[in-house]
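The values are calculated or read from the model by the stated rules, or taken from the named source; none is laboratory data. Model, not experiment: these values are computed from the prediction. Cβ sites come from the backbone with ideal geometry, for glycine too, and all protein chains shown count toward neighbours.
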Ligand code: GDP
């Protein structure tokens with residue numbers, strides 16, 4: 001038997017490379033592309049989906065595997081712990097349902113006011129802080145919503161050791177509480193529950209514990225379970241020392257360690273441009289000591305650490321494991337979620353950055369042949385609809401979060417999401433032009449729409465939606481995608497009948513009678529005809545007679561006569577079974 005070829009596609013592939021991999025001539029491939037409405041030249045790139053379709057059309061036995069360029073662009077191996085590793089501070093993320101007090105808790109812990117400035121009560125960027133308790137440091141991450149966090153995880157970033165799950169004692173377990181638990185579990189992080197707002201009259205700590213125990217499988221230690229739960233008030237500060245003690249206790253049990261005598265490495269957790277300062281990157285050091293003057297590389301961005309500061313803006317000379325820092329010096333903005341590494345000199349940094357750039361370009365440069373017509377063609381073939389988005393955000397960190405979170409919306413292959421444009425900054429004329437097509441929305445996150453651009457959008461019939469809260473943006477995208485999904489037909493069985501007599505059969509009508517053995521039958525419903533186990537036809541009940549009267553229904557135990565409408569001739573037999581169903585069309589939900 002001919003063996004199936006496996007072709008690895010790193011995001012996209014050139015016509016030349018694909019022809020070589022398939023062992024066919026470039027002319028054949030170009031010819032096939034042309035037949036499909038794509039005029040491609042030898043050096044052009046086609047994306048994974050297009051390549052798959054073409055291979056199928058050509059009838060070649062080959063399997064295309066989609067690979068992330070990132071898999072190729074990991075140029076520096078992640079460091080493995082050595083025996084010399086020393087204890088490091090725990091990295092703690094505060095999660096929980098909106099309004100349960102995450103920001104207030106962090107704020108009280110940091111003794112600093114940030115609550116007022118934030119939009120919609122949801123923290124937008126990942127920021128990191130470090131505080132000391134009993135003279136031991138502890139790193140807190142302020143998370144930009146769980147979706148973005150999940151997106152980070154997709155970048156294979158394990159960012160959290162411990163999740164402090166905030167549950168308001170007057171409100172109890174809510175959907176995002178459950179989501180946070182799932183997240184923590186899948187990230188292998190320990191969970192410590194902070195039952196918050198105990199200063200409120202309506203607070204009921206025991207009820208929260210019971211909910212967590214019965215619905216979420218988190219058994220309080222007090223009740224003989226494994227989960228530490230600490231009643232606190234983020235407002236008055238009550239219980240917070242105990243919470244911090246419990247965090248250290250958990251960290252000690254986990255025996256968190258890192259090496260220090262190695263070139264520093266870690267994660268990019270935020271990045272943006274600032275006038276006068278250039279690129280600002282927030283990094284979380286995982287291993288090693290980061291110093292001013294170090295050469296760093298993260299993806300295709302590289303630079304020399306020019307200035308380094310802690311979250312308060314105080315200058316730092318050296319940052320060890322688990323320390324969040326803000327640095328300047330990257331020549332271009334590194335991406336949120338990318339790993340960073342310190343390398344020995346500028347030459348190495350530059351070389352690695354260039355290699356990464358090539359790998360990334362391969363992934364990003366999808367489709368210089370795939371215009372919107374091509375997308376349409378593909379979707380028509382597969383009956384898969386496209387939803388195109390242009391995303392503009394205030395900072396790069398949110399851009400990555402929004403785009404990654406959008407990509408995580410799973411429509412089970414029914415709608416293809418295409419990010420056709422992205423950028424940092426306000427919505428521009430170019431964004432509107434890019435979005436002038438069917439099923440396309442421009443999303444602005446924490447950015448503005450000037451009146452002139454708004455007019456342009458209206459003139460071109462382009463939908464522009466602005467958001468300050470990531471969940472709302474995602475909900476809007478989901479709603480758009482739901483509209484594009486094929487509606488679902490919901491079938492409900494309402495009854496059954498055993499056929500006892502067949503009185504007349506003409507081309508489009510059958511008159512038969514029998515006994516309702518289950519449920520009921522009414523005019524207008526569909527009857528599936530079963531002979532023994534097989535379904536042999538489908539007919540429609542046009543009227544029901546009981547004791548010589550037309551009735552609206554005949555129920556279980558009654559005998560009745562039925563007029564059945566058929567599209568093609570059906571010969572009904574005594575002993576057949578009719579199963580009555582109603583059907584309704586429902587829009588699918590995401
Ligand atoms: P987040 O959305 O989880 O970050 O919640 P916030 O920290 O923004 O808190 C939501 C609201 O609850 C704010 O009005 C806070 O002042 C209030 N709040 C938070 N913690 C407490 C607490 O311990 N006690 C009381 N009484 N109110 C609290």
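So, in segment 157-203, of the ones that are more than 15 Å from the ligand (Cβ to nearest atom) and part of a loop (DSSP other than H, G, I, E, B), which residue ends up surrounded by the fewest Cβ atoms within 10 Å (Cβ to Cβ)? So the residue we want is 188.
From the list 496, 556, the lone residue that is exposed (fewer than 15 other Cβ atoms within 10 Å of the Cβ) and not assigned by TED's automatic domain parsing to the domain that holds residue 476 is 556. Among the conditions (1) modelled with pLDDT of 90 or more; (2) crowded, with 19+ Cβ neighbours inside 10 Å, the only one that residue 470 does not satisfy is (1).
Summed over segment 227-242, the residues that are part of a helix (DSSP H, G or I) and either within 16 Å of residue 207 (Cα to Cα) or within 12 Å of the ligand (Cβ to nearest atom) (or both) give a count of 1. Among the residues of segment 160-178, those identified as over 29 Å from residue 256 (Cα atoms) and either within 22 Å of the chain's Cα centre (by Cα) or without any contact (Cβ under 8 Å) to a residue 40 or more places away in the chain (or both) are 170, 172, 174, 175.
Regarding segment 51-61, can at least one residue be identified that is farther than 27 Å from residue 324 by Cα, in a strand (DSSP E or B) and modelled with pLDDT under 85? For segment 51-61, residues farther than 27 Å from residue 324 by Cα, in a strand (DSSP E or B) and modelled with pLDDT under 85: absent. Report, by residue number, each residue of segment 204-216 that is within 16 Å of the ligand (Cβ to nearest atom) and either under 17 Å from residue 141 (Cβ atoms) or without any contact (Cβ under 8 Å) to a residue 40 or more places away in the chain (or both). Passing the criteria: 204, 205. Taking strands (runs of 3 or more DSSP E) as the structural unit, those lying wholly within segment 488-590 and holding at least 2 residues that are without any contact (Cβ under 8 Å) to a residue 60 or more places away in the chain correspond to 488-505, 509-521, 526-531, 534-546, 549-551, 559-565. Would you confirm whether or not segment 134-155 contains a residue that is surrounded by fewer than 17 Cβ atoms within 10 Å (Cβ to Cβ), in a helix (DSSP H, G or I), within 12 Å of the ligand (Cβ to nearest atom) and at pLDDT below 50? No: zero hits. Taking the conditions (1) modelled with pLDDT under 90; (2) in contact with a strand residue (DSSP E or B) (Cβ under 6 Å, 6 or more places away or on another chain); (3) on the phi > 0 side of the Ramachandran plot in turn, residue 272 satisfies each one other than (3). Residues considered: 114, 104. Of these, the only one that is within 16 Å of the ligand (Cβ to nearest atom), under 30 Å from residue 398 (Cα atoms), in the same structural domain as residue 248 (by TED's automatic domain parsing) and at pLDDT 80 or above is 104.
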